[in-house]
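All remarks here apply to the structure that follows.
Read the figures in this text as sums done on the coordinates, not as results from a lab. Being a predicted model, the structure only gives us computed values, none of them experimental. Quick reminder, even Gly has a Cβ in these numbers, built from the backbone with ideal geometry, and neighbours come from all protein chains shown.
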Amino acid sequence: MQGRVVVIGSLNMDLVTRAQRLPRAGETLAGESFTTVPGGKGANQAVAAARLGAEVAMIGCVGDDAYGQSLREGLIAEGIDCRALEVVAGMSSGVALIVVDAASQNTIVIVAGSNGCLSSRLIERFDAMLQGADVVVCQMEVPPDTVAFALARARQLGKTVILNPAPVNGPLPVEWLASVDYLIPNESEAAALTGLPVDDLSSAQEAGRHLRGLGAARVIVTLGAQGAVMVSARGSEHFAAPVVQAVDTTAAGDTFVGAFAAALARGCTEHESILFGQRAAAISVTRAGAQPSIPRLEELGG
Ligand code: RIB
């Protein structure tokens, strides 16, 4: 069975520089390479879900520039339904300025561009798409009112709702949390959401419990090489990460979310879906770039 996933979110062109280390404030540093790579948390998650077995539709906005055209063509080449991908006249597409260091860590600055034009009206226009979904996935690189609308509508339709709260600077409205089946932050996002330090398994469990107390049904905190922690009504469970040699962690979280959504949509249990997401993310960190690093189903052995 091929489940249906609808992703509502951002598309960015990633402008990626590799350097030995990340620059300090005020410093000019010589980079080693520069590449232009399709990215954006929404589009990355859509590509991951599509490559990993789901039928995917994306609701989002691109600018009427060369980046927008290329981002759209990339999604179409993955078999993603782009009928709800609006081209915004007179706007530039979203971009992300990324520096990756020798230890495979990154810093990212995003400029929203046309992602800032994604409105609830567009989602309303494609309500039939949401109605046909098994799983609806949102992130936070588009306007907050739009995310709020999407979560509420998906909840009203009884869909499985995933929110990857990225990027985030502070707590989320409790109505958002109440609409979400799976809240999937990484450690820094979990810290921002709760005000608690999150850097290991026990602090991730604590943050997960805090977020459940605020209304999230299940919280999965991703911790990179330390794996993931799920906090649900059953308590807290740790999922160890596969051991790999990372070269670039960009879009590892997106790969996890997209793979997890695809697995849930085709009827896997949440445990199977988490393990599947971890295997996909582990492969993605061994390769450079956002969308180019996302594996296909054959690479995960089905
Ligand atoms: O999560 C990685 C993504 O964050 C990049 O592709 C970049 O576009 C930013 O959105």
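Give me the net charge for the shell around Val5: Cβ to Cβ below 9 angstrom, other residues only, Lys and Arg +1, Asp and Glu -1.
-1
Name the residue farthest towards the positive end of the dipole of the chain from the options Leu193, Leu122, Ala217, assuming +1 on Cβ of Lys and Arg, -1 on Cβ of Asp and Glu, about the Cα centre.
It is Ala217.
Suppose each label sits 7 Å from its Cα in the direction of the beta carbon; what would the Ser202-His271 distance come out to in nanometres?
Spacing of the two 7 Å Cα→Cβ label points: 2.6 nm.
For the stretch 200-278, which trypsin sites (Lys or Arg not before Pro) are in a loop by DSSP, counting at most 11 other Cβ atoms within 10 Å? List each step's numbers first, then the result.
Working: sites: Arg209, Arg212, Arg218, Arg234, Arg266; in loops: Arg234, Arg266.
Counting only loop positions with at most 11 other Cβ atoms within 10 Å, the trypsin sites (Lys or Arg not before Pro) in the stretch 200-278 are Arg234.
Given points 7 Å out from each Cα along the Cα-Cβ axis, report the Val111 to Glu27 separation in nanometres with one decimal.
So the label points at Val111 and Glu27 sit 2.4 nm apart.
Compute, for the stretch 67-138, the length of the dipole vector about the Cα centre, with Cβ point charges of +1 (Lys, Arg) and -1 (Asp, Glu) only. Units Debye, rounded to 20.
Result for the stretch 67-138 is approximately 200 debye, rounded to the nearest 20.
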